[in-house]
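Enquirer: Structure provided below as structure tokens; questions to follow.
The values are calculated or read from the model by the stated rules, or taken from the named source; none is laboratory data. This structure is a prediction, so every number in the text was calculated from the model and none was measured. Heads up, the Cβs are rebuilt from the backbone with ideal geometry, glycines too, and the neighbour counts pull from every protein chain shown.
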Amino acid sequence: MIKMINSGMQYDFDYIIVGSGFGGSVSAMRLTEKGYRVLVIEKGKRWLPDQFPETNWKLRRWLWMPLFRFRGIFKITIMRHVGILSGVGVGGGSLMYANTLPRPRETFFQSGSWAGIADWKSDLEPHYTEAERMLGATENPGLYDSDEALGNVAARFGKSDQFEPTRVAVFFGEPEQEVPDPFFDGEGPRRSGCNMCGGCMTGCRYNAKNTLDKNYLYLAEKEGAEVLAEKKVIGVEPLTDSVSGEPDTGEEGSRGYRVILKDSTGLYKKRTRFTTRNVILAGGVLGTVRLLLNLRRSSLPAISDQLGAQIRTNNESLALVHSGQKEKDFSKGVAIGSIFPPDKDSHIEPVRYASGSGFWKLMGVPMVHGKSVLGRIMKLIWSFISRPLPWLRIYFSRDFARESVILLFMQHIDSTLRLKRGLINMRSTLSSGPAPSASMPLARELADATSEEVEGHPFVMVTEAVLGTPLTAHILGGCVIGKDSTEGVIDQDHKVFGYENLYVCDGSAISANPGVNPALTITAMTERAMSKIPNKE
Ligand SMILES: Cc1cc2nc3c(=O)[nH]c(=O)nc-3n(C[C@H](O)[C@H](O)[C@H](O)COP(=O)(O)OP(=O)(O)OC[C@H]3O[C@@H](n4cnc5c(N)ncnc54)[C@H](O)[C@@H]3O)c2cc1C
Ligand code: SF4
């Protein structure tokens, strides 16, 4: 329940935060700690563990497609150059991510638009440590069948010494036994131990995954932050009149902002307005870049032309290997249990869903390669005709998650896209470097080696095989850090160039390719940005 309604006498809030993912939740906790009145606005729903879908066949509770009244936690956005996977709900991407928290390599801190602006490696070091503590990062104690398969692939590549368990944000207490908060000296919520069910990406039904609503956001709410779910922010307008005696410094936003929101799930899209001294945009790349692209045409015209530019993925590619080894259970373990670097620019991880989750088999087709769309379609048809049995086995498999290993391949090599306003949604255009490609020789080699290990067949998403468009779970950039507005959208403290009291703290601020899963880095960068904001007087 919102306590402060715009009275006209003072700001409703000191800070309004748009989005409750990694950037939003860290901001909410740190600002509340500093004594500010904070409101977090989230377009998705609030979830209790037993409300998450049992499998990814429960489409209404898994997918976010509010137009069709699907109000789940997982959103798929298809663009010309890339298909983007992202999370929605109170806790943002943490609700459906795979809990893996690697640190990026050295090159990340020295490349991209932020290179040289600060000594990022040493500046961020204490914030990485704090982020790992807060998210409860710990070594995965259980390696199971798909990790064993990846370990064998690592040996084939002569990389056994670099194959390791992932560090994950999971509570490994007694399986399914509830205990008082094990992370924050009893200040956090009660938790239960992980049972290695593999269901992290459809939402943990066992209260074992350290989602943001169990750490940062929980502690923020406990200290007084308010969270408004199922509301989407559609407007941010600089105030021209003084709300509480604020002087007009001449800089846009110096007198605060009016934030306009509307219902995101109800049939009747009621609008509400709040005033605030400061705004933090933390809607993830898709949320923040889209909102700012709209607002640059109306209330925020001075935003840098770099908005939407320098969009990166981790140059990922996803392959699925359907195994013939019926005695194996590839669904057991946490969502991503192990990792190894097949070469100096790449990482690979095996990913799993819980037993019963078979949705992705509907999207799978044989792994084919070739430059032209027509060529790939012909190869697909030939593959079905010449060897129909493996594919029929996949589509009729009883328990696809138990029988399959998903391979997530990521590369440091840089290429960037640009997001622009489209007719209905945003659209992607090529910016620098080669377009992200679904067909990478090393990824193919790894998929083939894994297929041999598990006596299986590799296949890929239909979008990858037919359109050549890769799927990414790691969309980054669009509001990058630069030395000025000709090179970036925000400065090194995450303040938007051209505006006062307006910040971006989420994946869109990532200014180089981390080459590994980015959530820990988003958390550490937001910790750093928040450390620059003084306590409330
Ligand atoms: C399947 C999958 C698995 C992944 N696994 C991992 C992993 O193991 N490790 C890792 O590091 N990363 C992983 N990621 C990536 C990770 O989830 C994201 O990088 C991370 O969540 C991005 O954080 P963020 O702060 O940018 O925003 P998000 O976490 O995306 O949160 C943004 C929030 O803002 C809300 N929002 C957007 N616009 C508005 C608006 N206008 N008004 C109100 N609310 C709004 C959204 O609903 C969302 O809840 C995974 C991603 C996917 C899809
Ligand atoms: S493996 Fe299962 S119990 Fe463990 S964190 Fe993931 S969903 Fe929760």
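Enquirer: Being more than 25 Å from the chain's Cα centre (by Cα) and touching a residue at least 24 places away in the same chain (Cβ under 8 Å) is the requirement here; does HIS369 meet it?
Expert: yes
Enquirer: Quick one: ILE78 ticks every box in (1) surrounded by fewer than 16 Cβ atoms within 10 Å (Cβ to Cβ); (2) at pLDDT 95 or above; (3) touching a helix residue (DSSP H, G or I) at 6+ places or on another chain (Cβ under 7 Å) bar one, so which box is it?
Expert: (2)
Enquirer: So, one more: What single numbered condition from (1) buried (at least 18 other Cβ atoms within 10 Å of the Cβ); (2) within 16 Å of ligand 2 (Cβ to nearest atom) fails to hold for PRO189?
Expert: In the conditions (1) buried (at least 18 other Cβ atoms within 10 Å of the Cβ); (2) within 16 Å of ligand 2 (Cβ to nearest atom), PRO189 misses (1) alone.
Enquirer: Determine which single condition ARG167 fails, assuming it passes every other condition in (1) more than 22 Å from PHE52 (Cα to Cα); (2) more than 19 Å from the chain's Cα centre (by Cα); (3) within 16 Å of ligand 2 (Cβ to nearest atom); (4) among the charged types (D, E, K, R).
Expert: All conditions pass for ARG167, except number (2).
Enquirer: Note down all Cβ pairs under 6 Å where the first residue falls in region 291-311 and is within 19 Å of LEU239 (Cβ to Cβ), the second is surrounded by fewer than 19 Cβ atoms within 10 Å (Cβ to Cβ), and they're at least six residues apart or on different chains.
Expert: Filtered contacts from region 291-311: SER299/GLU237; ALA302/GLY498; ILE303/ARG296.
Enquirer: Do you know which residues across region 497-516 are under 15 Å from VAL285 (Cα atoms) and of a type outside the set (Phe, Trp, Tyr)?
Expert: VAL504, CYS505, ASP506, GLY507, SER508, ALA509, ILE510, SER511, ALA512, ASN513
Enquirer: Taking the residues in region 335-354 that are in contact with a Phe, Trp or Tyr (Cβ under 9 Å, 6 or more places away or on another chain) and within 12 Å of ligand 2 (Cβ to nearest atom) as candidates, determine which candidate is farthest from PHE163 (Cα to Cα).
Expert: Step by step, filter region 335-354, then rank; the result is TYR353.
Enquirer: Let me ask something else about it. Just a yes or no: is a residue in region 289-306 within 14 Å of ligand 1 (Cβ to nearest atom), of a type in the set (Val, Ile, Thr), in the same structural domain as ALA229 (by TED's automatic domain parsing) and within 30 Å of VAL40 (Cβ to Cβ)?
Expert: Looking through region 289-306, at least one residue is within 14 Å of ligand 1 (Cβ to nearest atom), of a type in the set (Val, Ile, Thr), in the same structural domain as ALA229 (by TED's automatic domain parsing) and within 30 Å of VAL40 (Cβ to Cβ).
Enquirer: Is it the case that some residue within region 136-149 is under 23 Å from the mean Cα position of the chain (by Cα), closer than 30 Å to PHE359 by Cβ and in a loop (DSSP other than H, G, I, E, B)?
Expert: yes
Enquirer: Output the strands (runs of 3 or more DSSP E) that fall wholly within region 379-442 and possess 2 or more residues being over 24 Å from HIS347 (Cβ atoms) and not aliphatic (A, V, I, L, M), or say none.
Expert: 416-421, 426-432
Enquirer: Working only within region 497-530, note down all residues that are farther than 16 Å from GLY112 by Cα, within 16 Å of ligand 1 (Cβ to nearest atom) and not in a helix (DSSP H, G or I).
Expert: Matches in region 497-530: LEU502, TYR503, VAL504, CYS505, ASP506, ASN517.
Enquirer: Continuing with this model, one more query. Consider only pairs whose beta carbons are under 7 Å apart and that are at least six residues apart or on different chains; among these, list those whose first residue lies in region 324-344 and is more than 27 Å from ALA519 (Cβ to Cβ) and whose second residue is away from ligand 1 (no atom under 16 Å from the Cβ) and assigned to a strand (DSSP E or B).
Expert: GLY324/GLY456
Enquirer: Could you list, in sequence order, all residues of region 204-226 that are touching a helix residue (DSSP H, G or I) at 6+ places or on another chain (Cβ under 7 Å) and in a helix (DSSP H, G or I)?
Expert: LEU212, TYR216, LEU217, LEU219, ALA220
Enquirer: Something else: Look at VAL243 and say whether it is within 16 Å of ligand 2 (Cβ to nearest atom) and either surrounded by fewer than 23 Cβ atoms within 10 Å (Cβ to Cβ) or in a loop (DSSP other than H, G, I, E, B) (or both). Talk me through it step by step, then tell me what you get.
Expert: Values: within 16 Å of ligand 2 (Cβ to nearest atom): no; either surrounded by fewer than 23 Cβ atoms within 10 Å (Cβ to Cβ) or in a loop (DSSP other than H, G, I, E, B) (or both): yes.
Spelling it out, it is not the case that VAL243 is within 16 Å of ligand 2 (Cβ to nearest atom) and either surrounded by fewer than 23 Cβ atoms within 10 Å (Cβ to Cβ) or in a loop (DSSP other than H, G, I, E, B) (or both).
Enquirer: Being in a helix (DSSP H, G or I), within 9 Å of ligand 2 (Cβ to nearest atom), at pLDDT 95 or above and surrounded by 20 or more Cβ atoms within 10 Å (Cβ to Cβ): is that true of MET201 here?
Expert: When the stated conditions are applied, MET201 passes them.
Enquirer: Which residue out of GLU176, GLU226 is within 16 Å of ligand 2 (Cβ to nearest atom) and farther than 18 Å from ILE336 by Cα?
Expert: After ruling out the rest, the residue left standing is GLU176.
Enquirer: Tell me which residues, restricted to region 183-217, are within 13 Å of ligand 1 (Cβ to nearest atom), in contact with a Leu (Cβ under 7 Å, 6 or more places away or on another chain) and under 20 Å from ALA524 (Cα atoms).
Expert: ASN210, THR211
Enquirer: For LEU239, are the conditions met, namely being in contact with a Ser or Thr (Cβ under 8 Å, 6 or more places away or on another chain), within 16 Å of ligand 1 (Cβ to nearest atom) and in the same structural domain as ALA519 (by TED's automatic domain parsing)?
Expert: no
Enquirer: Okay, next question. What are the residues in region 443-476 that are farther than 15 Å from GLY364 by Cα, in contact with a helix residue (DSSP H, G or I) (Cβ under 7 Å, 6 or more places away or on another chain) and part of a helix (DSSP H, G or I), if any?
Expert: LEU446, ALA449, THR450, GLU453
To keep it simple, each residue is scored yes or no on (1) part of a helix (DSSP H, G or I); (2) without any contact (Cβ under 8 Å) to a residue 60 or more places away in the chain.
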{"site": "LEU67", "(1), (2)": "yes, yes"}
{"site": "LYS75", "(1), (2)": "no, no"}
{"site": "ARG80", "(1), (2)": "no, no"}
{"site": "LEU85", "(1), (2)": "no, no"}
{"site": "GLY93", "(1), (2)": "yes, no"}
{"site": "ARG103", "(1), (2)": "no, no"}
{"site": "SER113", "(1), (2)": "no, no"}
{"site": "ILE117", "(1), (2)": "no, no"}
{"site": "SER122", "(1), (2)": "yes, yes"}
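Enquirer: Can you name every residue in region 331-368 that is over 28 Å from LEU59 (Cα atoms) and within 12 Å of ligand 1 (Cβ to nearest atom)?
Expert: ILE339, HIS347
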